[in-house]
Structures are given as structure tokens and as C-alpha cells.
Amino acid sequence: MGSEQKRIAALIGNPNTGKTTLFNALSGLRQRVGNYPGVTVETKKGKMCCGGQTFELIDLPGTYSLSPRSPDEMVAVDVILGRQQGEARPDVVVSIVDAGNLERNLYLTTQALELGVPVVVALNMIDVAAAQGVRIDVQRLSQQLGVPVVPIQANKKKGLDALREAISRVALSLPARSASKDDTCLRCGLVGKTPFPEPFESAIAQLRQELGENVPEYLVRRLVLDVGGWTEQRLIEQLGERVRLQVQQVRERLAQAGCPVPAVEARTRYGWIREVTAGCIQRPDQRVVTWTDRIDRVLTHKVWGTLIFLALMFLVFQAIFTWARPIMKGISDGKDALADLLRGRLPPGPFTDLLLDGMLEGVGAVVVFLPQILILFAFIAVLEDCGYMARAAFLMDKLMARCGLSGKSFIPMLSSIACAVPGILATRVIEQRRDRLATILVAPLMSCSARLPVYILLIGAFLSGPGFAWWLPGLVMFAMYAIGLILAPLMALLLKRTLLRSETPVFVLEMPLYKAPSPRLVLRRMLDSGWAFLRRAGTLILASMVVVWALLYFPRGSGPEQPPYDVRIAAMQEDLDDLKAKGKDDAAEEKEQQINALTAEWKRQSYLGRMGKAIEPAVRPLGWDWKIGMAALASFPAREVVIGTLGIIYSAGKQDSDEIRDAANVADTPLARRMKEARWDDDPARPVFTISTALSLMVFFALCCQCASTLAVIRRETHSWRWPIFTFVYMTVLAYLGALAVYQVGHFFGG
Amino acid sequence: MPSLDQLRPGQRGRIDALTGNDGLVQRLMEMGLFEGEEIEVIALAPLGDPIEFRLGDSRLSLRRGEAARVHVSLS
């Protein structure tokens, strides 16, 4: 077996042709996701068995053509040409086409036929086409095209054996792949090439001679045909400026010869496709009115379509915002129960504290995102698979176009109001690289649910109650959300005008036929996204949680004659349990206060506490003392930590953001009372928290990217450290300036 | 000769020409938008943009700015 060569099959096809379904059906559960350097698209790989031979199946990104305009689109061409680093050239290309839209789908196939690798056409959705009265003579089509055509129904797993058989027949009847990368191998003669006009072919042959033989013929064609395309950019970089001039001359000559670029390609290919399919397709005389026609009359209707869309979005939002909450609470309760259980069994000391307060907390912080991610992806998978996603993008496009994005950015942005992590993962539906990047970079500006406890605490403690208008708390809360809703589109616009400036990408959106979503596909997408998050972002989140834990834990000792803080606190805790057991409530309360005071002392002298003091000059203009500064620092990995940190520093004991959220009267919680009592160290008469300080802190939290998970996911989705760092820096600067402005203005007016 | 963005839902026509020779035109042509093809506007999005239309066996959507480059003669 070891001597047997590994065979490779590459799968290509237009979007919405059932390519993913076919890939899953052929490769089963064993898949892995990979990506190539410098591109954001992912390619999936799986294994399939055809005729006793194991094939590696590569799922290339869905595309309408192999005319690359970006590095992302170049991947498919490079893989098939065998030019992708670390990837052997495929033995066979499987081109999946939609039987209901044969001509347009064959466009991509005609391009694939020129890449020098044998092609098998998988004719999918023959049942849907038949329902519309379209009949295809498969055998004749196969003869005319010169390649095997296999009718299949990928979703019902029909025709797959015949497809496997065709794949292995085509791949194995040929000599094993030669080591040479030359594309002028014998195999090209076996398949039908679109006959381009003679002037075009001779111009290509001549240009190829001028450029040198190591540029594959297909790329020479792309160089001429794709005005401003990626091939042009890459070859000019590789071979020098002279290429630009040569190409220009060729294009001018072709225009004079009646083959203007780029029209010559579409005319020639579609002309040939017409010839090939003539006599193979039977269509009804009268177009059948399909379900899609009827449904679209409602769903893309100005009024009804919009109302249904809004209702759907409300449902999605409600689901990630509220349905996920009980599950998230369950995860966090389970984590606490586990910590309590283990604390009783493990010896006290720094190691146990690291395990429980550092690592277990960190794992909890990772897992707690899963419910939201899974729920959002269930919705996205259903909406996409049934064909609605394109309609949603259609309805929202104008709105999003005003900030330089397209309709496809709407759902990721909306989801980010619940949580930026699933929102950023959801940007995968956006094909345009720059649009996707802009959406990723501004998504964390939306006020996510982790910011809510901070708003509730500060509004409850300092902006409500006697002396405040009844509508003020609601207004301030609304204002906090409005900051994100206004700034995110503005920032997107700014990015699209500067860093991510590009030609406005073409917004050609295909509205696929409606169909019932496949439960298998939906489940798979949910699990894939959840697993990808755990695997790639999890470790980073965990690490940052442990670092902050350590900065708050060390140094532990206060002097040579005193045991370390944690030992003293553990001893007091035992006393406290003792007192409680004996029913001495007053003494127990006093003990508890002592514990809180000692914990506060410990944390204030910790490294993070020292850092808080060191940065006090920087946060003072925001109206903060060093304790607030320290709490803000501690919440950089995860902003919800701020409640717990404030609880510790203000000696209010352990505080949970859920408690604040669920408290009937926030102003009465121990933390809120302590914060109201807080005074400046250097001016004990002056309270720390004024309205301006509370507002400045809220604005800081609204704008700052205090979320290691978000940064980890940005890193994962952009495959580069540049963008998470950029996001972190711009949002921190924005948060600082925003908080500064709010405090200074508020302070000026005496608040 | 009107352009595609001037058509109302329900109106049909035949594509006469596309303006320009850049990447946009190439993309449109790849999707099947070129001379001689029949086209029918189906709907407009809530804010009047983009436009949904039928072309051959597919339903596509284009923004007005792009649709303006597709010249159509009404049938």
C-alpha cells in the first residue's frame, strides 16, 4: 500500500450548487480545514474511496469563474495548476453544475477544461430541474463536452457511486501524475477546449513565447483577459513593467481584430456552451411558475419582505441574547460547583489557586461563548441553506452601502450586539475581502451583552433614584447602545475610504431557488464553528485569563514575619465557616469584613495593583482614581471581569455580574454602596464617583476592545496579528478619547 | 435606449450593450449578462436599490450604479 501514489481530486462549482453537500457526502466525517498563506478563504480536505483507491478531495471555494481578481480567487487556479506551494497537482477536477441553470454553470467548467487536468461533471439537482420541466440528455451532453457527465442528487446521496466510478476511471486510466509542472501535457488533448477566435489564439501563443515557457498557458490567457486582474498584478511583479506594455498592445490588437477584451471571452464561451448544449436540453415552452417565484413575491416585497425580515432578525437576536442566557448561566454555575468541589479536595496553595481561579475560570470563559455561537450558526446555516440569506442581503444592501459595506454585513453586525465573537465568525458569508475585513474590525464596537452589567451597575448606582428624572436611566442605556450603532458604521466608512480602499466590488448577488434546509448540513456547520472557536481561539483566551490571574495573585507575601495573604485569608475563611456553623452571626459578619479588607489589601499591592497606581496620571483626566484604572486593566481579557475586580478592590467581597444584572435594586448591592462611599486618596472629602466619572467609565467600556476572545477570533479569521493589534489600538484610543471628552465636558458643567 | 436601472418591476427587455471594459463588465458577462440576452426586472429593494431581475434560468441582483451600465431595449 505504501508504494501506492496518493490521488487527488479537486471540487469546483458555482455558489448554491450543492457543492458543500456533495463534498460532505463524498468525504464523510473525516475532514480538515486548511488555509494557504496570504489568503482568507479556507479550503476543506477530505478522503474518499473510489474503486479501491483512496483520493484526497479538496473543496475549493465556490466561484462563478476562474478569472482571479484577488489572492483569494487565485487559490483555485493555483491548486488546479499545481502551483500552490505544498500541494500536488490534482489528478482530476470534479465540476459540480446546477442542472436547472446549466449554461451559466458550464461557464466555469469550460475554464476548468483549459487547465490541463481531466474533468468530471457532476450534474446536480436534476430532480429540481425536472420539476421545472427541464430535461437533459446526459449521454449526449457528455459526448458533446468530451468529458464524463454524471447526474446526481447530492442531498439524497443519489448517483454518488456512479460519480465515484467516473472519478476513478478518469484518474486511473491515465499515467500517474508526472513531476513536471508543464501544462502542455498529453492530457489536454483529451478534453474539449472552447475554440477561441484565431486572432486570439495566435496572440496568446505569441505572448506566451515572449513571456517564457514557465508561465502556464492558462495564466497567459488570464493575463490578457482579466483587465486589472490578479494575474496581471502578479506577473508584472514577477516579470517587470514590460509586461504591462505587452499586454496593452495585445489588447489593442485584439480590439482591432474584432475580439475586444473582456467581451471576447463571454461571447466565445457562451457561444460554445450554446452549441454544446443544443439538442441536450428540453425546456417547456412556457416558463413554469415556481415556488421560488411565489415566495419571492412576498419575501422581496417592499413592505411585507421588510416586515418579515425585521421579525426574523428580532428572532435571531432574541435567541442569541436571551435563549443562550440560561445555558450560559448553567455553564458558569457548573464551573463554580466544580471549583467548590475541587477546592475541598485539593491542598490549599498557589497551585490549587492557579488551577481553580486561573485555569478553570479561563476554561469557563471560553466555553461560555459556545451557546451563542451554536445558536447563531444554527440560524445562519438554516437561512443560508434555504436560500434566504441572499434575500436578506438584497433587502439591507442600500442601508449598508451608505457605510461602504454591502447587505451581507448586516447579520454579522446585528449579531455583534449580542456578542462580537459569533458576529465575527458570521462574516464568512461576505465574499469581498475588504468588506469582510471592515465588518470584522468594526463589529467589536457594537455594545455586546458583556457590557450590560457595567452599564446596569453604574446607571443603577449613580444615575437613578431620588433626584433623577425617571426617564434618565433608560436614556443613558439607550445612549450607550447608540454609541456603537453610530460609531461602527462611521468607522467602517472611514476604513473603506482609507486603509481598505478598493474599487467598489461588484455586487452581483445570485438569488438561489428556495429549498428545505438540510438538518445534517445545519448541524455540521454549528459543530464546525463551535469546534473551530474552541480549538483556535480557546488557548489564547485561556492564556490571557491566567496572566491576569497571576498579576492579581502575586506577590503573595506582605513581610518576613507574616505568612502570605492567601494563607491568612484561608485561615480566616476557616474561622468564618466555624462562626457560621456556631450561629454567631455578628462575629461572622465582622470576620467577613475583615476577609474583604485583607483581600482588598492583597490585590492593591499585587502587580496589577501597582500597575494601576503607575497609570493613575494617565487615567486621572478621565476622572478615575487608580482603583478604577486597575479594574479597567484587569478587564482587558474579558470586560465582564470588571464587576468582580471592583468588588475585590472596594472590599465588597465576591461579586458576580449575574447578581448585578438580576438585582432588584442595583443601588442597594454592597458593591454599589461601597463605590458611592469611595473617596479620593489625596482628598478624602471628595467622592470618586461623580456622574461624569460614571459616564466616562461607561463610555470607556462601550468603546474599548476589552475582550481577548474577540481579538483571538479576529486573529483566527484574518490569519494575521496585524488586524487584532489594529483593532485593539484603535478601539483603546477611541475609548480613551471618548471617556476623556465625556468627563471633561461633564466636569466643566459641574457634574 | 434605457438602461437596466430605469426599468420597473415587470418590464422586460433585451440587453443591447454593456458600457466599459473593466472588471465589473467582465463579472457581469461571466454571470451571463451580455448582448442579446432577455432580462426581466422582478423587484426593487425597500429603498429602491438594488434591483432583482431574471436572466435566463437565474435570478440576480445588481445595484443601480452597476445596472446603469447595462443598456436594454424594451420588448
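The values are calculated or read from the model by the stated rules, or taken from the named source; none is laboratory data. Quick caveat: nothing in here was measured; it's all calculated off a predicted structure. Positions of Cβ are generated from backbone atoms using ideal geometry, with glycine treated the same way; all protein chains shown enter the neighbour counts.
The C-beta contact set for region A:362-377 (first residue of a type in the set (D, E), second residue surrounded by fewer than 22 Cβ atoms within 10 Å (Cβ to Cβ) and part of a helix (DSSP H, G or I), distance under 8 angstrom, 6+ apart or interchain) is empty.
A:P563 - would you say it is surrounded by fewer than 16 Cβ atoms within 10 Å (Cβ to Cβ), of a type outside the set (G, A, S), over 30 Å from A:S720 (Cα atoms) and under 37 Å from the mean Cα position of the chain (by Cα)? For A:P563, the condition - surrounded by fewer than 16 Cβ atoms within 10 Å (Cβ to Cβ), of a type outside the set (G, A, S), over 30 Å from A:S720 (Cα atoms) and under 37 Å from the mean Cα position of the chain (by Cα) - is not met. Contact map, region A:288-309: first residue under 20 Å from A:Q132 (Cβ atoms), second residue modelled with pLDDT of 90 or more and among the basic types (K, R), Cβ cut-off under 7 Å, separation 6 or more or different chains; pairs are A:L299/A:R391; A:T300/A:R391. Within region A:701-717, which residues are in a helix (DSSP H, G or I) and under 16 Å from A:A418 (Cβ atoms)? Within region A:701-717, A:A702, A:S709, A:T710, A:V713 qualify.
Answer yes or no as to whether A:G484 is in contact with a helix residue (DSSP H, G or I) (Cβ under 8 Å, 6 or more places away or on another chain), at pLDDT 85 or above and more than 29 Å from A:D656 (Cα to Cα). Judged against the criteria, A:G484 is not a match.
When region B:56-75 is limited to residues that are surrounded by 19 or more Cβ atoms within 10 Å (Cβ to Cβ) and among the aliphatic types (A, V, I, L, M), the one that is farthest from the other protein chains (Cβ to nearest Cβ) turns out to be B:V72.
Yes/no per residue for (1) out of contact with any strand residue (DSSP E or B) (no Cβ under 7 Å at 6 or more places or on another chain); (2) farther than 26 Å from A:L542 by Cβ; (3) surrounded by fewer than 23 Cβ atoms within 10 Å (Cβ to Cβ):
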site	(1), (2), (3)
A:Y607	yes, no, yes
A:M611	yes, no, yes
A:E616	yes, yes, yes
A:L622	yes, yes, no
A:K627	yes, yes, no
A:A632	yes, no, no
A:S635	yes, no, no
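Tell me, yes or no, whether region A:23-36 has at least one residue that is among the polar types (S, T, N, Q), crowded, with 21+ Cβ neighbours inside 10 Å and assigned to a loop (DSSP other than H, G, I, E, B). Checked against the condition, which is being among the polar types (S, T, N, Q), crowded, with 21+ Cβ neighbours inside 10 Å and assigned to a loop (DSSP other than H, G, I, E, B), region A:23-36 yields no hits at all. For A:T231, the test of being of a type in the set (S, T, N, Q), within 30 Å of A:R140 (Cα to Cα) and out of contact with any Phe, Trp or Tyr (no Cβ under 6 Å at 6 or more places or on another chain) is failed.
Take region A:571-592 and flag every residue that is closer than 25 Å to A:S606 by Cα, surrounded by 15 or more Cβ atoms within 10 Å (Cβ to Cβ) and of a type in the set (A, V, I, L, M, F, W, C). Hits for region A:571-592 are A:M572, A:L576.
Is it the case, given these coordinates, that A:Q286 is within 18 Å of B:G56 (Cβ to Cβ) and more than 13 Å from every other protein chain (Cβ to nearest Cβ)? For A:Q286, the condition - within 18 Å of B:G56 (Cβ to Cβ) and more than 13 Å from every other protein chain (Cβ to nearest Cβ) - is met. Do you know which of the residues in region B:43-55 that are within 7 Å of chain A (Cβ to nearest Cβ) and under 11 Å from the mean Cα position of the chain (by Cα) is nearest to A:T300 (Cα to Cα)? Residue satisfying both the conditions and the ranking: B:E52.
Taking the stated definitions as given, is A:P216 over 22 Å from B:G20 (Cα atoms) and surrounded by 17 or more Cβ atoms within 10 Å (Cβ to Cβ)?
yes
Can A:T292 be described as touching a strand residue (DSSP E or B) at 6+ places or on another chain (Cβ under 6 Å), over 30 Å from A:F533 (Cβ atoms) and within 14 Å of chain B (Cβ to nearest Cβ)? For A:T292, the condition - touching a strand residue (DSSP E or B) at 6+ places or on another chain (Cβ under 6 Å), over 30 Å from A:F533 (Cβ atoms) and within 14 Å of chain B (Cβ to nearest Cβ) - is not met. Residues in region A:722-751 that are over 18 Å from A:L495 (Cα atoms) and either among the aromatic types (F, W, Y) or not in a helix (DSSP H, G or I) (or both): A:Y736, A:Y743, A:F748, A:F749, A:G750, A:G751.
With respect to the conditions (1) more than 18 Å from the chain's Cα centre (by Cα); (2) crowded, with 24+ Cβ neighbours inside 10 Å; (3) under 28 Å from A:D296 (Cβ atoms), A:T439 lacks only one, and its number is (1).
Of the residues making up region B:22-54, those that are surrounded by 21 or more Cβ atoms within 10 Å (Cβ to Cβ), touching a Gly at 6+ places or on another chain (Cβ under 9 Å) and under 29 Å from A:C259 (Cβ atoms) are B:Q26, B:G32, B:I39.
Against the test of being touching a Leu at 6+ places or on another chain (Cβ under 6 Å), crowded, with 17+ Cβ neighbours inside 10 Å and among the hydrophobic types (A, V, I, L, M, F, W, C), the options A:L552, A:L540 yield a single qualifying residue, A:L552.
Report yes if A:V642 is in contact with a helix residue (DSSP H, G or I) (Cβ under 6 Å, 6 or more places away or on another chain), crowded, with 23+ Cβ neighbours inside 10 Å and modelled with pLDDT of 90 or more, otherwise no. Taking the combined requirement at face value, the residue does not satisfy it. Which of the residues spanning region B:8-21 are surrounded by 15 or more Cβ atoms within 10 Å (Cβ to Cβ) and either closer than 21 Å to B:A45 by Cα or within 7 Å of another protein chain (Cβ to nearest Cβ) (or both)? Correct list: B:Q11, B:G13, B:N21.
Given the criteria surrounded by 19 or more Cβ atoms within 10 Å (Cβ to Cβ) and within 21 Å of A:G362 (Cβ to Cβ), does A:L534 qualify? Against the criterion (surrounded by 19 or more Cβ atoms within 10 Å (Cβ to Cβ) and within 21 Å of A:G362 (Cβ to Cβ)), A:L534 does not qualify. Looking only at residues of region A:476-486 that are free of Cβ contacts under 8 Å to residues at least 24 places away in the same chain and surrounded by 14 or more Cβ atoms within 10 Å (Cβ to Cβ), we find that the one that is nearest to A:L457 (Cα to Cα) is A:M477. Taking (1) in contact with a helix residue (DSSP H, G or I) (Cβ under 6 Å, 6 or more places away or on another chain); (2) within 14 Å of chain B (Cβ to nearest Cβ); (3) not in a helix (DSSP H, G or I) in turn, A:R222 satisfies each apart from (3).
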